[in-house]
Amino acid sequence: MEDVLNCLASQRDTSVGALCELLRIPSVSADPAFAVDVVRCAEWLAAWLGAAGFQAGTEATGGHPAVVAEWRGAPGAPTVLVYGHYDVQPAVVADGWSSAPFEPQVRDGALVGRGASDDKGQVFAHCLGAAAHLNVHGTLPVNLVFLVEGEEESGSEHLEAFVEANRERLACDAVIVSDSAQFAAGVPAITYGLRGLAYVEVTLHGPARDLHSGSFGGAVLNPANALAAMVAALHDSDGRVAVPGFYDAVVPLQAWEREAFAALPFDRAGFLKGLGLADDWGEGGYSILERLWARPTLDVNGIWSGYTGEGAKTVLPSRAAAKLSCRLVPDQDPVEIADLLEARLRELCPRGYRLEFQRHHAARPVLVPVEEPAVRAAADALEHGFGARPVFTREGGSIPVVETFRRVLDAPVVLMGFGRPDDGAHGPDERLHLDDFHAGARTSAWLWHLLAKGGTP
């Protein structure tokens with residue numbers, strides 16, 4: 001390991017230069033105008049991994065290509081799959097960038113450019129960690145497969161089918177994902193839980209047409225008023241979701257988790273100040289982090305009805321609509337939750353009115369036991385790479401691909417982010433601190449070594 005780490009240290013400038021080359025390719029997956037650049041980016045990464053010693057190439061998915069790179073020269077050793085994405089969010093200077101987003105610059109110890117943190121820089125750190133072993137020893141401690149997709153920022157539409165179709169080829173003992181962040185600067189983290197999602201749209205249909213509010217107001221129930229009352233009835237006064245059966249399958253927080261969350265350096269005042277708020281809100285009896293990471297929610301994501309243009313129009317609308325999302329925790333099932341929500345809304349629907357219920361996105365929650373050998377190995381690797389013992393966190397959002405890997409490949413998925421919460425992912429002046437980039441490469445090099453030893457230091 002000492003020789004491998006020395007190799008990484010000697011190539012720091014070269015590594016940053018290579019990452020800059022990768023960042024200059026505007027691989028915006030959501031915009032067809034950049035389709036050629038997306039392919040060019042996939043080919044660049046495959047060529048780099050091929051030169052490092054992998055059998056690598058780009059593969060058709062039905063959408064943008066995936067990069068698949070394999071090294072299988074360690075018979076009897078674990079097989080590890082590294083997932084990431086090379087596509088990026090759109091970015092133009094007018095969004096608020098202080099420099100051209102696809103002309104990376106080093107400023108204040110950070111590399112600024114679209115994709116620096118999300119996710120090119122983090123994926124490339126893993127590439128460097130593997131390449132250093134191959135450079136020094138001509139071999140890797142584990143069998144290693146990279147799967148780097150080109151559609152994550154546009155919904156990963158074709159990824160699940162690709163994983164299903166390549167189930168045997170991608171079979172592994174652990175999946176490593178670095179597309180997240182440390183808890184705070186200098187506080188590395190392993191994310192062992194993700195919330196799921198049930199997203200629906202409801203439309204309440206009332207009178208056959210929009211009505212004059214003077215002629216009909218007071219005699220006809222306004223669908224906007226009715227829908228507002230229905231939505232308000234979905235929570236009780238203590239912030240709990242008032243849908244019968246909603247909490248039945250929820251796995252309670254364990255005592256060690258509550259203690260661990262409480263010990264994290266979380267700044268409640270700073271959190272609220274950053275949001276321009278005086279107080280938080282939510283389910284009683286739980287801290288902010290507990291509510292964000294380990295308790296389910298129901299929220300209105302959009303609500304509309306009637307006239308919303310300039311000036312006044314005295315209309316009583318014929319219908320009202322809302323988009324609702326539920327963030328779910330183990331062991332809630334998104335289909336069952338949507339069923340319960342639909343049943344409750346139909347109970348609340350005014351007599352004679354019609355409720356239209358439409359189901360959109362769904363994702364299952366994920367919880368990885370922290371006792372998994374792969375999780376232990378990742379924790380030790382982060383400590384070696386960053387010089388600090390990682391904390392264990394959950395994530396309030398959903399990453400559907402994690403559930404896909406867990407279900408299709410039946411392997412533990414370890415989320416270990418190298419970036420920082422303030423890296424500006426998806427925003428202007430996205431950055432990756434170079435100290436974190438190099439620490440990520442060291443962590444990766446240690447990870448392959450530790451996984452080969454069964455997760456023991």
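The values are calculated or read from the model by the stated rules, or taken from the named source; none is laboratory data. Bear in mind that the values here come from a model prediction, so they are computed numbers and not experimental data. Note that we place each Cβ from the backbone using ideal geometry, even for glycine, and neighbour counts take in every protein chain shown.
Residues considered: Asp173, Asp179. Of these, the only one that is acidic (Asp, Glu) and surrounded by fewer than 20 Cβ atoms within 10 Å (Cβ to Cβ) is Asp173. For the residues Thr79, Thr58, the requirement of being of a type outside the set (A, V, I, L, M) and in contact with a Pro (Cβ under 7 Å, 6 or more places away or on another chain) singles out Thr58.
Yes or no, residue by residue, for (1) closer than 18 Å to Thr79 by Cα; (2) part of a helix (DSSP H, G or I); (3) in contact (Cβ under 8 Å) with a residue 24 or more places away in the chain; (4) in contact with a Pro (Cβ under 6 Å, 6 or more places away or on another chain):
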position: Ala130; (1), (2), (3), (4): yes, yes, yes, no
position: Val136; (1), (2), (3), (4): no, yes, yes, no
position: Val145; (1), (2), (3), (4): yes, no, yes, no
position: Ser156; (1), (2), (3), (4): no, no, yes, no
position: Val163; (1), (2), (3), (4): yes, yes, yes, no
position: Glu168; (1), (2), (3), (4): yes, no, no, no
position: Cys172; (1), (2), (3), (4): yes, no, yes, no
position: Asp179; (1), (2), (3), (4): no, no, yes, no
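Contact annotation: residue pairs with Cβ atoms under 6 Å, 6 or more positions apart or on different chains, pairing a residue in region 197-226 that is touching a residue at least 12 places away in the same chain (Cβ under 8 Å) with a partner that is part of a strand (DSSP E or B) and of a type in the set (Val, Ile, Thr), are Pro207/Val220; Asp210/Val315. Of all positions in region 64-77, at least one carries a residue that is among the acidic types (Asp, Glu), in contact with a strand residue (DSSP E or B) (Cβ under 7 Å, 6 or more places away or on another chain) and touching a residue at least 60 places away in the same chain (Cβ under 8 Å).
Taking region 124-148 as the range and being out of contact with any helix residue (DSSP H, G or I) (no Cβ under 7 Å at 6 or more places or on another chain) and crowded, with 24+ Cβ neighbours inside 10 Å as the test, only Leu147 passes.
Listed here are the residues, each with its yes/no results for (1) crowded, with 17+ Cβ neighbours inside 10 Å; (2) within 30 Å of His205 (Cβ to Cβ); (3) assigned by TED's automatic domain parsing to the domain that holds Gly217.
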| position | (1), (2), (3) |
| --- | --- |
| Ala255 | no, no, no |
| Glu259 | no, no, no |
| Leu277 | no, no, no |
| Asn301 | no, yes, yes |
| Ser305 | yes, yes, yes |
| Lys313 | no, yes, yes |
| Ala320 | yes, yes, yes |
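Against the numbered list (1) surrounded by fewer than 20 Cβ atoms within 10 Å (Cβ to Cβ); (2) among the hydroxyl-bearing types (Ser, Thr, Tyr); (3) in contact (Cβ under 8 Å) with a residue 60 or more places away in the chain, Thr14 comes up short only at (3).
Being within 20 Å of Trp256 (Cβ to Cβ) and of a type in the set (Phe, Trp, Tyr) is a description that applies to Phe392.
What do you reckon, is Gly115 in the same structural domain as Ala66 (by TED's automatic domain parsing), assigned to a loop (DSSP other than H, G, I, E, B) and surrounded by 24 or more Cβ atoms within 10 Å (Cβ to Cβ)? So Gly115 passes the test. Test Ala425 against the stated conditions and say whether it is surrounded by fewer than 21 Cβ atoms within 10 Å (Cβ to Cβ), of a type in the set (A, V, I, L, M, F, W, C) and farther than 17 Å from Gly129 by Cα. Here the answer is no, as Ala425 does not meet what is asked.
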